[in-house]
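Written below as structure tokens is the structure these notes are about.
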Number of protein chains: 2
Amino acid sequence: MVRHTVAFKLKHAAGSAAEKDFLAKAGELASIPGVAKFEITRQVSAKNPYAYGIAMEFADQAAYEGYNDHPEHVAFVRDRWLPEVEGFLEADFVAL
Amino acid sequence: MVRHTVAFKLKHAAGSAAEKDFLAKAGELASIPGVAKFEITRQVSAKNPYAYGIAMEFADQAAYEGYNDHPEHVAFVRDRWLPEVEGFLEADFVAL
């Protein structure tokens, strides 16, 4: 199992319609085949520069790559992520 | 619910006895009252500078603070974390 996560902050103002729309669109990634336990959360540690987190799980590396290459994910990264995200850090976790 | 996470890398060489001992000691944090779904994982994204992750969940902020202030956690941070960890980033996630 691979737990894929990303912490990020948006260019949009907190509470703005643009922020809300981005988060709603990001939520649609949950329907891409292979994605399990999808969640979008608020990052609240003052020791961390990011405002949100997205996390999901894949059965294995092949399922993860299938998601990564899926046209809906590719389009989301191109059309929404790159233009609207100010900064982010990905992290992927597997069993020790 | 608060999901408390930290990604980190150790000063110890990969596969060393010192690394193994640190991870075993970190695992004992799971027994501190209030800690749920404790896990230590390997961080595998090449886009992230850290080698390991620890994650745990607390019912609420009070439970989180109880863990943070618990003598066993305080001693672990002082005696193991600060001297043996080369770098880390905490992130705490709550529902949107």
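The values are calculated or read from the model by the stated rules, or taken from the named source; none is laboratory data. These numbers come from a predicted model, not from an experiment. Methodologically, a virtual Cβ is constructed for each residue, glycine included, from the backbone with ideal geometry; neighbour enumeration extends over all protein chains shown. In case anyone asks, the SASA skips ligands and DNA or RNA and just uses the protein heavy atoms, side chains included. Shrake-Rupley method; radii C 1.70, N 1.55, O 1.52, S 1.80 Å.
A few remarks follow.
- Segment A:11-52: number of residues that are within 13 Å of chain B (Cβ to nearest Cβ), in a helix (DSSP H, G or I) and touching a strand residue (DSSP E or B) at 6+ places or on another chain (Cβ under 7 Å): 5
- Tally, over segment A:68-78, of residues that are more than 14 Å from chain B (Cβ to nearest Cβ) and either in contact with a helix residue (DSSP H, G or I) (Cβ under 9 Å, 6 or more places away or on another chain) or not charged (D, E, K, R) (or both): 7
- Filtered residues of segment B:66-87 (kept if assigned to a strand (DSSP E or B) and either over 18 Å from residue B:21 (Cα atoms) or open to solvent by less than 30 Å² (accessible area, probe 1.4 Å) (or both)): B:85, B:87
- Residue A:93 being outside any helix (DSSP H, G or I) and either modelled with pLDDT of 95 or more or surrounded by 17 or more Cβ atoms within 10 Å (Cβ to Cβ) (or both): yes
- Yes/no for residue B:25 being open to solvent by 80 Å² or more (accessible area, probe 1.4 Å) and among the charged types (D, E, K, R): yes
- Just one of the listed residues (A:58, A:88, A:8) is modelled with pLDDT of 95 or more, more than 10 Å from chain B (Cβ to nearest Cβ) and under 11 Å from the mean Cα position of the chain (by Cα), and it is A:8.
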